[in-house]
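Encoded as structure tokens, the structure appears first; notes follow it.
The values are calculated or read from the model by the stated rules, or taken from the named source; none is laboratory data. All values reported here derive from a predicted model rather than from experimental measurement. Cβ sites come from the backbone with ideal geometry, for glycine too, and all protein chains shown count toward neighbours. With ligands, DNA and RNA removed, areas are computed over all heavy atoms of the protein, side chains included. Shrake-Rupley method; radii C 1.70, N 1.55, O 1.52, S 1.80 Å.
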Amino acid sequence: MSGAETNPAPTAARIGIDVGGTFTDFVLFEPVASRLVHHKQPSTPDDPSRAVAEGLAILLAKAELSAGDVALLMHGTTIGLNAVIQRKGARVALVVTEGFRDVLEIGRSRMPSSLNFHARKETPLVPRAQVVEIAARLNAAGEPTRLPDAAEYDRVAAALRALDPHAVALMLINGYADPAVEAPIAEALAARLPGIPVSAAAAIWPEIREYERTLVACMNASIQPLMQRYFDRLEERISAQGVRAPIFVTASNGGSLSLGSARARPVETLLSGPASGVMAATRLAEQSGTARIITFDMGGTSSDIAIAAEGQPEFATRTEIGGLPLVLPVVAVSAIGAGGGSILSVDAHGVLKVGPESAGADPGPVAYGHGGTRPTVTDCYLVTGLIDPAQFLGGRLKLDRQAARAALAMIAEGLGLTGPDAAERAAWGALRVATAGMVTEMFKIMASRGLDPADFSLMPFGGAGPTHANLLAAEAGIGEILVPRAAATFCALGAAAADLRRDFARSLRRRLDAAGVALLDRRLHAMEEEARDWLAGEGRMARAVTFRRAADMRYIGQAYELRVPLDDVALTPEATAEAFHRAHEQLYGFRDTAAAIDCGTARLAIIGETDPILLPPLAARSEAPVPRSHRRAFLGEDWVEASVFARDELMAGQRIAGPAIIEQSDTTTPVLAGWTAAVDALGNLRLTRVPS
């Protein structure tokens, strides 16, 4: 199902912004000139909006544009994510049905690791002392069996005021079955608690499983005051520069929301930064004719991978944040290891460790000269010669190689390494340890899906992604690497190109028979109307509207459902059952046509497609490129002489044999011996292993 709502083609600039822990990235797309302008700005953790404002001014100056030329700002941030992980969100009070005060304490009654006798259960997001019970309940059909009267509302409001919360979350047992029951209760409490936002679980995510639904509401309440303050500062700073363009916020599902929607439902933005990069990679893979990719996003703190095939990334309906389950639809991104700022150490047994602690933006790596004393992965890149101390960030930040080498010499001493190249050997060893950890996690993730990394191309991005990509691919047995032109600011590019998107869900818990399929059809149509209303309130950005339909199903007695796409399925009992049988057989290798099927949850996504970012092809040249210099690099166990090329001087069709180093203003791509790099028509670097 799709619509034909269209918008006139934009004539002004679109800007994507990605706020990370170490750098804040910017990409400006000007449709008339068909050009991209990039900028990386050091993040300001004390007030992330300051780096956004400062970087925006520099970006516009680089592009030779004024504030009035900006038509749209698309913004991604990890502020909410960090608040949940570090438990630095607002003080939340939780209101639950009588008898369910321990919903967060009990959780799923599972330990994080059943084989670890020292494992500790994750601390509840809201402590039991902050939970208040209310006389309100629904039965399994969504019918109220008890509702609060005025006196009960007054009692609960008084109990909440005594707790002095910054925000309140509300969850009624079986509230998912009819969100219209929770809504007036939330409104009545909000009226008695002026200035305190109330998040109703059923309004945010009406899906069965009370523990997970409660957590979604609590996460939303926890980060809502923090995010609202940030959005207020952001609007104020951007407005002060004369920019009047609307601000949209990227979401965990790879789409974007208006600032109003993000203020009301900030929980949907928790994983927005990584998701934007994956969406940009998926579009680029499709444009470049690459069928299957593993994205590799290596920033300052960590490295993440995702899988995409045939123009579609993999989505998940459950992930974990800070040890807590999140059941909202998200682009399936998995952390696999260290980032450029991950700190090196030697433990008491003389074993070299990389991470998980990160130097972040402040003080940063030792080479930054900002007070850091413990070496990081970035210091290893510098000491081994992979990056040029004079060209980091286009020369805006001069790196201190001697300070980095001295710090790595201490690591070498702890490892018992001696000799004139001890620091370099320690650095190379750290890169190998980091790579081995990444590959181990990658193999686990791919094996769980029945996939082989050798069947995929690797697409690296983030500031350190291209720098580490060849090391990772060589270790993992991947034969091709596709490095985008704007690799270091790729998540910001994904933000600039993001479609409007929101996901909806309604639990059914019905047998997949004629009555169950009829109910599924009615729920999908009801969600479609709700989705259209939402999109209409987001402004007239979308040039076309698309709907994606799916349902979670399982054989009777199974513990977990499969998500089954229904876009091309006729909603009849036979066709819907066949779609499930086929999906089950593909994943588990068998089908059971004699077994009854349960339909658990109906799902619908609305996508308001925005104008694509299309760039002209790169000019071709047949002559071999000329290196601008040569540099010694410590690769393997010895020094090699590597040719150094400027990426902005390379043309389509040119090839480079390793060992070589390809530099651009915001990242570096090493090409190992036994590999070649070729420039394709879109300006991507394609690294391939030379057949032995």
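Residue-wise test of (1) part of a helix (DSSP H, G or I); (2) of a type in the set (Gly, Ala, Ser).
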| site | (1), (2) |
| --- | --- |
| Ala119 | no, yes |
| Ala141 | no, yes |
| Thr145 | no, no |
| Ala157 | yes, yes |
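In the range 530-540, which residue that is of a type in the set (D, E, K, R) and open to solvent by 30 Å² or more (accessible area, probe 1.4 Å) is modelled with the lowest pLDDT?
Arg540
When Leu399, Leu386 are screened for being touching a strand residue (DSSP E or B) at 6+ places or on another chain (Cβ under 6 Å), part of a loop (DSSP other than H, G, I, E, B) and within 25 Å of Met438 (Cβ to Cβ), only Leu386 passes. Assessment of the range 584-594 against the conditions (open to solvent by less than 20 Å² (accessible area, probe 1.4 Å), at pLDDT 95 or above and not polar (S, T, N, Q)) yields no matching residue. Among the residues of the range 77-90, some residue qualifies, meaning at least one is touching a residue at least 24 places away in the same chain (Cβ under 8 Å), out of contact with any strand residue (DSSP E or B) (no Cβ under 9 Å at 6 or more places or on another chain) and open to solvent by less than 10 Å² (accessible area, probe 1.4 Å). Would you confirm whether any residue within the range 114-127 is of a type in the set (Ser, Thr, Tyr) and either in contact with a helix residue (DSSP H, G or I) (Cβ under 8 Å, 6 or more places away or on another chain) or open to solvent by less than 10 Å² (accessible area, probe 1.4 Å) (or both)? No.
Listed by first and then second residue, the pairs with beta-carbon distance under 8 Å, at least 6 apart or on different chains, first residue in the range 248-276 and more than 25 Å from Ile196 (Cβ to Cβ), second surrounded by fewer than 24 Cβ atoms within 10 Å (Cβ to Cβ) and among the small types (Gly, Ala, Ser), are Phe248/Ser258; Asn253/Ala605.
Among the conditions (1) at pLDDT 95 or above; (2) touching a Gly at 6+ places or on another chain (Cβ under 8 Å); (3) hydrophobic (A, V, I, L, M, F, W, C), the only one that Val84 does not satisfy is (1). When the range 505-529 is limited to residues that are under 12 Å from Glu207 (Cβ atoms) and of a type in the set (A, V, I, L, M, F, W, C), the one that is surrounded by the fewest Cβ atoms within 10 Å (Cβ to Cβ) turns out to be Leu508. Apart from one condition, Ala309 fits all of (1) free of Cβ contacts under 8 Å to residues at least 24 places away in the same chain; (2) within 21 Å of Met541 (Cβ to Cβ); the exception is (2). The one condition from (1) in a loop (DSSP other than H, G, I, E, B); (2) surrounded by fewer than 23 Cβ atoms within 10 Å (Cβ to Cβ) that Gly340 does not meet is (2). From the list Leu508, Leu512, Leu493, the one residue that fits, being within 24 Å of Phe315 (Cβ to Cβ) and touching a Leu at 6+ places or on another chain (Cβ under 7 Å), is Leu508.
Annotation note: Cβ proximity below 6 Å between a residue of the range 637-665 that is more than 29 Å from Asp421 (Cβ to Cβ) and part of a loop (DSSP other than H, G, I, E, B) and a residue that is open to solvent by less than 40 Å² (accessible area, probe 1.4 Å) and not basic (Lys, Arg) (sequence gap 6+ or interchain) occurs for Leu650/Pro625; Leu650/Val679; Gln654/Pro625; Gln654/Val679. Scanning the range 65-76 for residues that are outside any strand (DSSP E or B) and touching a residue at least 60 places away in the same chain (Cβ under 8 Å), we see that the one that is nearest to the chain's Cα centre (by Cα) is Ala67. Out of Val545, Val626, Val569, Val564, report the one residue that is assigned to a loop (DSSP other than H, G, I, E, B) and within 22 Å of Leu524 (Cβ to Cβ). Answer to the check: Val569.
The condition of being over 33 Å from the mean Cα position of the chain (by Cα) and within 20 Å of Ala550 (Cα to Cα) holds for only one of Arg631, Arg582, Arg591, that being Arg591. Checking each residue in the range 508-542 for being in contact (Cβ under 8 Å) with a residue 12 or more places away in the chain, of a type in the set (D, E, K, R), farther than 19 Å from Ala140 by Cβ and in a helix (DSSP H, G or I) picks out Asp521, Glu528, Glu530, Arg532. Scan the range 139-169 for residues that are open to solvent by less than 60 Å² (accessible area, probe 1.4 Å) and modelled with pLDDT under 95 and the total you get is 2.
Within the range 435-478, the set of residues being among the aliphatic types (A, V, I, L, M), open to solvent by less than 20 Å² (accessible area, probe 1.4 Å) and within 18 Å of Thr676 (Cβ to Cβ) comprises Leu458, Met459, Ala469, Leu472, Ala473, Ile478.
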